Amino acid sequence: MRNLVNFCEYFVICSGSSDRQVRAIADFIDTELSDLGMKMRFKEGLKKSDWIVFDAGDVITHIFQKQMREFYRLEYLWQDAKHVTWPDKKSVNAAKRKAST
């Protein structure tokens, strides 16, 4: 994102199928980042939970309900940004085990 905007390095865009699932994703992200010592600068949308935004400085996280994500189409709006795929923990752990053998 840095080549396109001056306020962050990354956008994380994800979605859940209900307000409860979106809130659970948000709670998990908030807890994990807090455990790493990262503080959120800004949180918005937690009450309604159809679109939650977290600002952690270099990383802006958008957590949508599916229909909101389809409506706002942030991927299209920021299509010129470099797409980065983030590996899941299982893949990272498997790669670590393979590298240590």
(message) Could you list, ordered by first residue, the pairs with Cβ atoms under 9 Å in which the first is in region 45-58 and touching a residue at least 24 places away in the same chain (Cβ under 8 Å) and in a loop (DSSP other than H, G, I, E, B) and the second is small (Gly, Ala, Ser) and surrounded by 18 or more Cβ atoms within 10 Å (Cβ to Cβ), at least 6 apart or interchain?
(response) SER49/GLY16; SER49/ALA26
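Could you count how many residues in region 44-101 are aromatic (Phe, Trp, Tyr) and under 15 Å from the mean Cα position of the chain (by Cα)? So that I can check it myself, show each step before the final result.
To start, the set of residues in region 44-101 that are aromatic (Phe, Trp, Tyr) comprises 51, 54, 64, 71-72, 76, 78, 86.
Among the residues that remain, those that are also under 15 Å from the mean Cα position of the chain (by Cα) are: 51, 54, 64, 78, 86.
Number satisfying all stated conditions: 5.
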(request) Evaluate region 55-73: report whether one residue or more is more than 20 Å from ALA26 (Cα to Cα) and surrounded by 15 or more Cβ atoms within 10 Å (Cβ to Cβ). (result) no
(message) Restricting to region 1-37, name every residue that is aliphatic (A, V, I, L, M) and either within 13 Å of the chain's Cα centre (by Cα) or at pLDDT 85 or above (or both).
(response) VAL12, ILE13, VAL22, ALA24, ILE25, ALA26, ILE29, LEU33, LEU36
(message) All but one of (1) hydrophobic (A, V, I, L, M, F, W, C); (2) part of a helix (DSSP H, G or I); (3) under 16 Å from CYS14 (Cβ atoms) hold for TRP86; state the number of the condition that does not hold.
(response) (2)
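Taking region 59-81, which residues are outside any strand (DSSP E or B) and either in contact with a His (Cβ under 9 Å, 6 or more places away or on another chain) or modelled with pLDDT of 85 or more (or both)? Give the derivation first.
Step one: of region 59-81, the residues outside any strand (DSSP E or B) are 66-81.
Passing the criteria: LYS66, GLN67, MET68, ARG69, GLU70, PHE71, TYR72, ARG73, LEU74, GLU75.
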(request) Mind counting the residues in region 14-45 that are among the aliphatic types (A, V, I, L, M), surrounded by 15 or more Cβ atoms within 10 Å (Cβ to Cβ) and under 11 Å from ILE63 (Cβ atoms)? (result) 4
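The values are calculated or read from the model by the stated rules, or taken from the named source; none is laboratory data. This one's a predicted model, so the numbers in the text were calculated from it and none came from an experiment. We place every Cβ from the backbone using ideal geometry, glycine too, and count neighbours over all the protein chains shown.
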